[in-house]
1. Closer than 20 Å to Trp364 by Cα, out of contact with any Pro (no Cβ under 9 Å at 6 or more places or on another chain) and surrounded by fewer than 23 Cβ atoms within 10 Å (Cβ to Cβ): does that describe Leu288?
2. Which condition breaks for Gly140 when tested against (1) touching a residue at least 40 places away in the same chain (Cβ under 8 Å); (2) within 13 Å of the ligand (Cβ to nearest atom)?
3. Could you check the range 251-260 and list, in sequence order, the residues that are of a type outside the set (A, V, I, L, M) and at pLDDT 95 or above?
4. Restricting the search to the range 176-204, which residues are basic (Lys, Arg) and modelled with pLDDT of 90 or more?
5. Would you confirm whether any residue within the range 181-201 is at negative phi, in a helix (DSSP H, G or I) and among the aromatic types (Phe, Trp, Tyr)?
6. Scan the range 144-180 residue by residue and report those that are acidic (Asp, Glu) and over 17 Å from Cys117 (Cβ atoms).
7. Every residue in the range 155-180 that is under 20 Å from the mean Cα position of the chain (by Cα), assigned to a strand (DSSP E or B) and in contact (Cβ under 8 Å) with a residue 60 or more places away in the chain, please.
8. Residue by residue through the range 275-313, note down the ones that are of a type outside the set (Ser, Thr, Tyr) and within 11 Å of the ligand (Cβ to nearest atom).
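The values are calculated or read from the model by the stated rules, or taken from the named source; none is laboratory data. Remember, it's a predicted structure, so these values are computed and weren't measured experimentally. No Cβ is skipped: glycine too gets one built from the backbone with ideal geometry, and neighbour counts run over all protein chains shown.
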Amino acid sequence: MKYFSTRGAGPVSLDEALRKGIASDGGLFLPEQLPTFAVADFDAADSILEVAAVLLKPFFAGSSLQGDVEGILDETFSFPIPATALPADDQNVSMLELYHGPTAAFKDIGAGFLAACLSRLEGDVAKPLTILVATSGDTGGAVAAAFDGRPGMRVAVLFPEGRVSERQEHQLCCWSDNVLSLKVRGAFDDCQSMVKAAMADQDLSSAHRFSSANSINIGRLLPQSTYYADASLRHFRRTGNKPGFIIPTGNLGNAFACVMAREMGLPIGPIILATNANRTILDYFDSLEWLPRTSLQTLASAMDVGDPSNMERLRKLIGEADVLRDQLGVASVSDDEIRAAIRQDFIEFGFATCPHTATATHTWRQLEPGLARQHDWILVATAHPAKFETIVEPLIGEQVPLPQELEEILSRPAHSVLIEPNLASLAASLEDVG
Ligand SMILES: *Cc1c(COP(=O)(O)O)cnc(C)c1O
């Protein structure tokens, strides 16, 4: 399998696409051609691991990782990803729970797969690869957890002092010696500039073998198609219906993986993108003009994206807005609607949803009645509500029980190093990574 940039550069191998993250012409990597499947191709695949093996093997053709696919998938899909039926009158609706990984959010799956691949490609105990991540919250924890304790790999996580919640901070700071947690006296933008400056510095770069685990890396996307394949196959075998998916969407990585799965022939019905008040995608479908903008802060903060990177992949794979809007639905959900949905979910379902997941439950309740009845629906839950307890608990009037995975993380000792927002401080602290 060969990979090309959305802007034309290539071809490169999977190994090179994983190593580079972004193409030399600034574009994003996509496979030359998606493999296609019939439902029967998965007849022998009972578990999500077996589905992953059928679905993802073609992407490894010609890669030096080809012989390691099983091990990579074992490490990636090491926790359950169930679709749980929801109580709903006359409707078949379920929730796809993507939050049973080590940091209780769906990014654990992409980060886990990328870490499993990169450590096999680049792990070197004598001269470790150093992954630099700037984070405003969720991504850093998932990346740290994925690379935690991997020989020949190190991670430096940079986060802004006082700008992440207590629980989030703990998740960035409770890992083994190969993860360096750096609390920066500055804002998220400072963290990001420091990472860029470090990558651009020749001496530092070669001394530490810098790499990134950026969300645009193809290694973060590919494994995500697996849970859409698995959930749709299970549903289709049981009911004969192709379920529709409603997906909380920010940078469009998770939803793009669902589109890929449908393109590959999986039994998937309508796909609806649930965004927060950041309306870039909705406005593009309305006006046919792509107008990225600066992001607005919302309660669903991990979706605060005004210029979703993966739109470039979607336009390359499917087409421009006039084509896209026939194939995808999109909704924009305000903070007030998110609050109302969290309350309503608690009353109707008996459990709370996180602010991101609430954009999907709200969108489902607002579906035009004909469309709602015409399909079965799977609402995608991207994080556990206990990660956002300061938002959720006041709305439902009680505590959200901690899931086991978060309890485990929060019970570990945490440690971080406070640094100034400049390259010299980052360089000095990197000398200490174990
Ligand atoms: C990252 C994230 C999203 C958005 O996913 P994209 O792939 O960026 O669209 C939604 N919910 C949660 C909890 C996230 O962490």
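1. Values: closer than 20 Å to Trp364 by Cα: no; out of contact with any Pro (no Cβ under 9 Å at 6 or more places or on another chain): yes; surrounded by fewer than 23 Cβ atoms within 10 Å (Cβ to Cβ): yes.
For Leu288, the condition - closer than 20 Å to Trp364 by Cα, out of contact with any Pro (no Cβ under 9 Å at 6 or more places or on another chain) and surrounded by fewer than 23 Cβ atoms within 10 Å (Cβ to Cβ) - is not met.
2. (1)
3. First, the residues of the range 251-260 that are of a type outside the set (A, V, I, L, M): 251, 253-254, 256, 258.
Answer for the range 251-260, where residues must be of a type outside the set (A, V, I, L, M) and at pLDDT 95 or above: Gly253, Asn254, Phe256, Cys258.
4. Taking the range 176-204 as the starting set, the residues that turn out to be basic (Lys, Arg) are 183, 185, 196.
Within the range 176-204, Lys183, Arg185 qualify.
5. Within the range 181-201 (the criterion being at negative phi, in a helix (DSSP H, G or I) and among the aromatic types (Phe, Trp, Tyr)), the answer is yes, since at least one residue qualifies.
6. Just the residues of the range 144-180 that are acidic (Asp, Glu), to begin with: 148, 161, 166, 169, 177.
Glu161, Glu166, Glu169, Asp177 - these are the residues of the range 144-180 that are acidic (Asp, Glu) and over 17 Å from Cys117 (Cβ atoms).
7. Residues satisfying the conditions are Ala156, Leu158.
8. First pass over the range 275-313, keeping only residues of a type outside the set (Ser, Thr, Tyr): 276-279, 281-283, 285-286, 288-293, 296-297, 299-300, 302-308, 310-313.
Passing the criteria: Asn276, Asn278, Ile281, Ala300, Ala302, Met303, Asp304, Val305, Pro308, Asn310, Met311.
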